[in-house]
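Peer 1: Structure below; questions to follow.
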Amino acid sequence: MFDITARRDTSAREELALIATHIAIHSDIPVDARGLLRESAPPPRWTDIGRTIGPRNFIYARCCAVDFEEPKLPESSGQNIDVLTIGSIHFDQHLLVSALPRSGETVIAHEVTQGLGGKGANQAVAAARAGARSEMVGFVGDDRTAADVLRRLNALGVGTGGVIRVRRTDSGAATVTRDVEGANQIVVSPGASAKGEISDNALAEVIGRARVVVLQGEIPAAITRRAAVISAARGVRTVINLAPVVDLGEELGVADPLILNEIEARQLLGARDGAVDDIELARRLGDRARSVVVTLGERGAVFSSPDGTRHIPAPAPVRVVDTTGAGDAFVGALAARLALGVDLEGAVRFAVAAATRTVESAGAAESYPHFEEVVIP
């Protein structure tokens, strides 16, 4: 226990930030304390905090709090952003089984773990692990999970000032079933990620501070389309990972690059498996966006731009443990390299090597290594 009143050297704003952070970590109320620490942000009124958490909890939070490790919040809040990811935030349950179940089959899990997930969250963490100042715009519910996922994002170096709480809604969740060979099956319940709303003014404000914006298909397509339009108008490079494949209309044309895996690429083109080789697949998609990257799993990736089309092979992993989140690691790592001024080919080479590293350990965002240490073949 520690008594906040004993911290005589703290300002009223800092004291409020400490209590707000305590509330965020130890309750189901997500609170972003970073705004309290900025000189431009007015401190909340005690009556507002009391009204939010209730009189009894308010008195307890005001007088004393359970000891905790204060989170190391990213320095990028309120400043320029290297990579802004606008996407999904989920809380995942991972099940390890001997073999993936067939239709109608029941199998027993040998191990159960939980952690941060969602394509948006995974990609934002990957960008941070690749050395970028990374922030998120996304949606969480008003359940206990919300505070947990925000705390986890902050701990992994991702700013959450743009994350919006959706009332009377659960946060997104997913169940990831993985076999001992690393193959997986994933079922997603999007929750707040499918129900959130954000104004054009709010989008424009945060996009205007970014070097690269990353979008995907796990939040409402209308938000993704609006974000793409605003990014183009602001001259901000836009990376679109069309996963899952959704209709973005002509806004898809701003993607630089458009990133899809082989299945998604064929789905977008309406091409049959094997009817078009990898190089031709990327070349045909070049008409849909400014540049294109098609990921090929263990075979690496193919990219197409006005300068040509090339295949980048993947290095062999030491051992395949879990492929969950490898594609998201690719996207985040590539976006980080683009934000740092690397050309598309260099970014793809780095992203291929980074994604390969991720399959050597179980899990997604929270198991990503620091990609600055990745050796590019």
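The values are calculated or read from the model by the stated rules, or taken from the named source; none is laboratory data. These figures come from a predicted structure and were not determined experimentally. As a convention, Cβ positions derive from the backbone with ideal geometry for all residues, glycine included, and neighbour counts pool all protein chains shown. To get the accessible areas, we keep the full protein, side chains included, count just its heavy atoms, and leave off ligands, DNA and RNA. Shrake-Rupley method; radii C 1.70, N 1.55, O 1.52, S 1.80 Å.
Peer 1: Compute the normalised compactness of region 92-154: alpha-carbon radius of gyration over 2.2 N^0.38 Å, N being the residue count.
Peer 2: 1.46
Peer 1: Classify region 134-232: rounded, prolate or oblate, from the alpha-carbon gyration tensor (a ≥ b ≥ c, eigenvalue square roots; a/c under 1.5 rounded; otherwise prolate if a/b is larger than b/c)?
Peer 2: Because a/c hits 1.5 or more and a/b exceeds b/c, region 134-232 counts as prolate.
Peer 1: Roughly to the nearest percent, how much of the accessible area of region 195-276 is carbon and sulfur, given a 1.4 Å probe?
Peer 2: Solvent-exposed carbon and sulfur of region 195-276 make up 47 percent of the total.
Peer 1: Oh, and also: Cβ neighbours within 10 Å, averaged per peptide: list 336-345, 183-192 in order, most packed at the top.
Peer 2: Packing proxy ranking, top to bottom: 336-345, 183-192.
Peer 1: Now for a different question. Give the long-range amide H neighbours of Val214: residues separated by 5 or more places, or on another chain, with amide H under 5 Å away, using H modelled in the peptide plane at 1.01 Å from N.
Peer 2: Here the answer is Leu84, Thr85, Ile86, Val239, since their amide H atoms fall under 5 Å of that of Val214.
Peer 1: Per residue, how much accessible surface does region 281-356 expose to a 1.4 Å probe? Answer in Å², no decimals.
Peer 2: I get 39 Å² per residue for this part.
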